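Novice: I am attaching a structure below and will ask some questions about it afterwards.
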Amino acid sequence: MTIVDPEKIVVDPNLVNITINDKPVVARKGEVIIAAADRTDDFIPRFCYHPRMSSVGMCRQCLVEVETPRGPMMVVSCMTPVAEGQIVRTATDNVKKAQEGVLELLLANHPLDCPVCDKGGECPLQDQAFSHGPGESRFVEEKRHYEKPIAISDIVYLDRERCILCDRCTRFADEVAGDPLISFTSRGNDTQVMTFPEEPFSSYFSGNTVQICPVGALTAKPYRFKARPWDLNETETTCTSCSVGCRIVVQSSRDELVRFQGVDVDPVNWGWLCDRGRYNFESVNSTERITTPLIKSDSGLVQSSWSVALDSAARIIRHALANNADSVAILGGARGTNEDAFAWAMLADELKVNQRDSQLGDGLTPEIFNLAQATIDETCAASTIILLSPDLKEELPVLYLRIRDAAQKRKSRIIEFSSHDSGLTPYAWRSVAFEPGRQAQVVRETLETKDMQEQIQRGEVVVVVGRANLAENEAFTLHALGEVLHAIPNAKILPVLRRGNVRGAVTVGLTPQQNSGDAIDILSKAAAGKIDCLILLGANPLADVADSILVKQALAQIKNVISIDTFITSSNQNADVVLPAAAFAEKNGTTTNLEGRVSNVTQQITPRGTSRPDWMIATELGLSLGIDLGVSSLDELHQKMISAIPEFASCDNEAAIQSDGVLMVHEASATISRGSKVLVDRNSYDYRLIVSRTMYDAAQSTITSNSLVGIITESTIYVHPLDLARIGVVDGTNIRVGVDEINIVLPVRAHSGIHRGTAWLPYNHTNVDIRPLLNIAADVIDVRIEQIK
Ligand code: SF4
Ligand code: SF4
Ligand code: FES
C-alpha cells in the first residue's frame, strides 16, 4: 500500500489527495476517479463517460480497483467520486480481466465491419479492443441484425448493429441540446437507439452526437465514405459562420474539406458545434465558386486576369473620387479576418472613404461594444441573465447551449424580454412578452416589480443584447437596454451581433467614419444618385439588407459596383469587377468573437483557382491606385494591426491566439440612455410584424452546401392559433399579407409561441421574397393578413 507523502498533502478544502497506480494525484472534491486519472498518464478505457455530460455508468468499461478496509474493490471509475487518501489501481490482473470481459461482451453483437465503417481508424471500440480487449471471443452465436443504416434526419444515419448502447447520443440530445428526439426503445437484447415515430432527429446540434459516438453507429451524410482517418490532414482554427467563434478542427483530404470537428475550449464552445457551422464547409468545396477575376462586358461578366481586373477597379475608384470624395462607399467586411478588415480600413483611410459599414442595417450601434462587457463565461456565471436578444438557438446556437446549461445546471436565472417565444423561453425564470416597439416600457415596468428587484439583488447581472426584429427600428432595443442600465447600473453587457467577425471589423475601422452615415444611409444616398462606386466586401445587400426596395433603387442608381466575393450573388451579378476571394480554411489570420476574444483562423487547403485573401486584394488594389499600404506579408499586417489598434494590443501572444484566444483590451467608455420614442398604436385589424432569422435560411453558405440546402424551409407567416381562427383559414393555407400597396401570398401557420396581434415572418427563406414588405425607415411594420377569396 502506498502512503501519500504528508508534505505533499494539500490543505485546500476543495481538494483531496489520492493515489492512482502509486502516483500521488490532487483531485477536486466531487470529481470522479476517471476525471482525476485523465490528468495522469494512466488511461482508463471508457465508452459512455464524457466529461461534459453526467455520468451514467452504462458501459462498465472503466472498472478499476479501489482499496477498502476489506481489501480491493472493483468500482466503476466514472461513477465513483474521489475521497481523501483513496488508493486506485487501474491495471491489476483483476481489473484487466474485468475490462477484457466487458469488451468481449460488447463485441458479442458488434459487427466486425471495421474495413467498411467510417469510424474505422479512429474508433474507441477498435482501439480499446486492441489495447484492453481479450484478443479473441468465445461467442460463436449469430450477432444481432438490423436494417443498415437508416436515415434518422436529413444529415444523420444510424446503423443500429454497431451501437453499443453507451447513451452518449441520447444524453447529449436531452441534457446538452434540450432536443430529446432520440432515445432507447425496447428491452433486453432488443434495446436500441431510435427516433420517435414521425419525428426525425432534426436537432440543430445533431452533428455532436456523430462526433461523440464511440463507434460508427452514427454517421453524417457530408463525411460518409469521403475519406479514411489516416488520409486526413487537419488544423485547428475558429469557426466564423457566426460570432460565437467555436474552436474547430478542420480536416481535409486531397486538398478538399471533408469534416469539421468541435474542439473543447473552456471559455467558448466546450467541444460542441451547431450543424450549420459543422457542415457548411461544403460551400467552400462548391463548384459554383468564383475562381478567376471577372469584369463586365457586353455579354455579361467575363473572365479576366488579376492585373486587368485590378486596373479596372482602380480606374473606377479613381474616377469616382475625382468626381466627389464622398461618392465611394464600402459595405461588408464582417465575414473575413481581422487582418482582411484592417487592410481594407487602411485603404479606405488612404482614399478618405468615410462611408463604410460592416453591419448591413441589421445590427446595433457599435457603441454597445464600449459598454461594460461580460464574457460568455461571466454571462453563464451571473445570477441573472437578461435577454434582450434575438433567438439565440436560431442565430448563435452554441451560445444558446451555454446559456441553457447555465440556467439548467448552474445558479443563473434568465429574465427574457421577447416578442415571441425563443429556444430559451422554456428555461427562463421569467419570460416577459412585448409587442414590437414597446419593450422599453415593458422592461421599465417589469424591473420595478418586487420579485425582479429581489432577483437583481442576488448577484451579477448580464444583459445579452442584440437585434431581435428586422421589422423594428434598432432604437427600441437600445431604449430598452437604457432602461435596464438605468435600473441596474452595474449590469454588464454581452453584445450578440451575429455576423462572424463583425466585432473585429468594427474595431479596425470598417464602420462609419467622421460622422458619415451607416449602411442604410449609404444605400439611401445611393438611391438618390449620390454614390458612384460601391465596394462590396463579401456583402450581398439584396439578401442581407431587409429593405429590398431600397437596395434595388440603390443598385439601379450606382454607376459602378466592385465586388470581392466567393460567389456570384444577386447583388454582384451586374458588377463591373468581381474579384475572387479566398474562403474560410483557405487563408490565415485572426478573428474576433462576440465577447471580443481574438483567436486564429488557419489555412488548410489551397484557395480555389486564383482567389486571394481580402487583405492581399486590398494591398494590390492599393498599389494599382498608387498607394503602398506598407505590407508585404500577413505577419507584417498582423503586427501593424496590433500596433495601430489599441484593442488588439493583447494579441501579440501567438500561442494564446492558437488555443483559447485572448480577450481584446477593453475599456467601458459609453453610456446608453433611456429613450422616449413615441409609437403610434396598431390598428386592431393589423398584425405587428416580427422578422428574424432562423438557423437554416437561404444564406449563401447554406444554399451552396449540398447537405443543408434541402433543410431550408419555404417562407411562411406564423400567427397565434386564435388569430388564425379570426382570419378564418385552415393551418397551412395560403393567405395575402400586405402593407400599403404591396401584397405577397404565402402560407400561414398557427404557432402558440407567437403573441396575439403579432405575426412572425422568418427572414430570407425560399419561394416567396418577403423583403418588399419591409421598410427600413419605419419604426415598426403593421401588416394586413387576409384570406384569398
Ligand atoms: S448510437 Fe453511438 S452514441 Fe448512441 S448509444 Fe449507440 S454507440 Fe452510443
Ligand atoms: S455556433 Fe457559430 S461559431 Fe459555433 S459552430 Fe455554429 S456557426 Fe460556428
Ligand atoms: S465509462 Fe464508466 S461505465 Fe462507461
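The values are calculated or read from the model by the stated rules, or taken from the named source; none is laboratory data. Please read these numbers as outputs of a predicted model, since none were measured by experiment. Cβ sites come from the backbone with ideal geometry, for glycine too, and all protein chains shown count toward neighbours. Side chains included, ligands, DNA and RNA excluded: accessible areas come from the protein's heavy atoms. Shrake-Rupley method; radii C 1.70, N 1.55, O 1.52, S 1.80 Å.
Novice: Which order do the peptides 724-732, 231-239, 736-744, 412-420 take when ranked by the mean count of other beta-carbon atoms within 10 Å per residue, highest first?
Specialist: Numbers: 724-732: 12.9, 231-239: 20.3, 736-744: 14.9, 412-420: 22.4.
Final packing ranking: 412-420, 231-239, 736-744, 724-732.
Novice: At 1.4 Å probe size, with the rest of the protein present, what percent of the exposed accessible area of the chain is carbon and sulfur atoms? Could the numbers behind the result be given before it?
Specialist: Numbers: 15710 of 31630 Å².
Ligands and nucleic acids excluded, carbon and sulfur give 50 percent.
Novice: Can I ask one more? Determine the distance separating the Cα centre of region 559-630 from the Cα centre of region 695-742; give it in Å without decimals.
Specialist: A separation of 33 Å, based on Cα centres.
Novice: Over the Cα atoms, compute the radius of gyration (one decimal) and Dmax (the largest Cα-Cα distance, rounded to a whole number) for region 510-631, in Å.
Specialist: So, for region 510-631, Rg and Dmax equal 15.9, 44 Å respectively.
Novice: Could you give me the radius of gyration and the Dmax of region 687-787, taking only the C-alpha atoms into account and expressing both in angstrom?
Specialist: Cα radius of gyration and Dmax of region 687-787 are 13.7, 40 Å respectively.
Novice: Another question about this same structure. By average Cβ neighbour count within 10 Å, what is the ranking of 66-75, 687-696 from highest down?
Specialist: Numbers: 66-75: 12.4, 687-696: 22.4.
Highest-to-lowest ranking by the protection proxy: 687-696, 66-75.
Novice: Direction-averaged shadow area of the convex hull around the Cα atoms of region 6-91, nm²?
Specialist: Its Cα hull, projected and averaged over all orientations, spans 5.8 nm².
Novice: Per residue, how large is the accessible surface of region 375-494? Use a 1.4 angstrom probe and give square angstrom.
Specialist: On the way: 3930 Å² over 120 residues.
Per residue, region 375-494 has 33 Å² of solvent-accessible surface.
Novice: Ignoring solvent entirely, what values of log10 I(q)/I(0) come out of the Debye formula for region 375-494 at 0.13, 0.15 Å⁻¹ when each Cα is a single scatterer?
Specialist: Listed by q, the Debye log ratios stand at -0.43, -0.58.
Novice: What spacing in nm lies between the two simple spin-label points modelled at GLU141 and GLN303, each 7 Å away from Cα in the Cβ direction?
Specialist: Distance between label points: 6.4 nm.
Novice: Pairs to check: LYS148/LYS226; LYS559/LYS587; LYS143/LYS226; LYS393/LYS587; LYS96/LYS119; LYS525/LYS552. Give those whose C-alpha atoms are more than 21 Å from each other in this structure.
Specialist: Numbers: LYS148/LYS226 18 Å; LYS559/LYS587 32 Å; LYS143/LYS226 28 Å; LYS393/LYS587 29 Å; LYS96/LYS119 25 Å; LYS525/LYS552 13 Å.
Violating the 21 Å limit, Cα to Cα: LYS559/LYS587; LYS143/LYS226; LYS393/LYS587; LYS96/LYS119.
Novice: Another question, if that's okay. Which whole-Hz ³J(HN,Hα) couplings does region 472-484 yield from phi under the Karplus relation 6.51 cos²θ - 1.76 cosθ + 1.60, θ = phi - 60°, glycine and proline marked x?
Specialist: 9, 4, 4, 4, 5, 5, 5, 5, 5, 4, x, 5, 5
Novice: Oh, and also: Excluding ASN764 itself, calculate the net charge of residues whose Cβ lies under 14 Å from the Cβ of ASN764, where each Lys or Arg counts +1 and each Asp or Glu counts -1.
Specialist: Details: positive: ARG276, ARG498, ARG499, ARG693, ARG771; negative: ASP362, GLU394, GLU395, ASP544, ASP547, ASP697, GLU714, ASP769.
In short, -3.
Novice: Another question, if that's okay. Distances longer than 20 Å among the Cα atoms of region 9-159: what percent of all pairs is that? Don't skip to the answer; put the middle values down first.
Specialist: Working: 6380 of 11325 pairs.
Everything past 20 Å amounts to 56 percent.
Novice: When ranked by the protection proxy of mean other Cβ atoms within 10 Å per residue, highest first, what sequence do the peptides 340-352, 133-145, 473-485 form? Write down the numbers at each step before the final one.
Specialist: Details: 340-352: 24.4, 133-145: 11.0, 473-485: 22.3.
My ranking of the peptides, most packed first, is 340-352, 473-485, 133-145.
Novice: About the Cα centre of the chain, what is the dipole size in debye to 20, counting +1 per Lys and Arg Cβ and -1 per Asp and Glu Cβ, all else neutral? It would help to have the intermediate numbers written out before the result.
Specialist: Values: 76 positive and 100 negative charges, 193 e Å.
In total the dipole reaches around 920 debye.
Novice: ³J(HN,Hα) across region 377-388 via Karplus (A = 6.51, B = -1.76, C = 1.60, θ = phi - 60°), whole Hz, x for Gly/Pro?
Specialist: 4, 5, 4, 6, 9, 5, 5, 10, 10, 9, 9, 10
Novice: Same structure again: Restricting to DSSP H runs of at least four residues, report the calculated mean residue ellipticity at 222 nm for the chain, -39500 (n - 2.57) per run over all residues, nearest 500 deg cm²/dmol.
Specialist: Numbers: 25 runs with 207 residues, N = 789.
One gets -7000 deg cm²/dmol as the mean residue ellipticity at 222 nm.
Novice: Hey, what do the phi angles of region 223-230 turn into as Karplus ³J(HN,Hα) couplings, whole Hz, using 6.51/-1.76/1.60 and θ = phi - 60°, x for Gly and Pro?
Specialist: The phi angles translate into 10, 3, 6, 7, 7, 9, x, 6 Hz.
Novice: Give me the 1.4 Å probe accessible area per residue for region 687-787, excluding ligands and nucleic acids, in Å².
Specialist: Averaged over the residues of region 687-787, the accessible area is 38 Å².
Novice: If you don't mind, another one. Return the percentage of antiparallel bridges among DSSP beta bridges fully within the chain, rounded to the nearest 5 %. It would help to have the intermediate numbers written out before the result.
Specialist: Working: 65 of 111 bridges.
Antiparallel: roughly 60 percent of the beta bridges in the chain.
Novice: Considering only the other residues whose Cβ falls under 15 Å of the Cβ of HIS420, what net charge follows from Lys and Arg at +1 and Asp and Glu at -1? Numbers along the way, then the final one.
Specialist: On the way: positive: LYS393, ARG438, ARG467, ARG688, ARG693, ARG749, ARG756; negative: ASP391, GLU394, GLU395, GLU416, ASP421, GLU435, GLU472, ASP723.
Net local charge, HIS420 excluded: -1.
Novice: Here's a follow-up. Please give the Cα centre distance for region 276-354 versus region 21-72, rounded to the nearest Å.
Specialist: 55
Novice: For the chain, with equal point scatterers placed on the C-alpha atoms only and solvent neglected, what are the log10 I(q)/I(0) values from the Debye formula at q = 0.04, 0.09, 0.11 1/Å, to two decimals?
Specialist: -0.19, -0.93, -1.31
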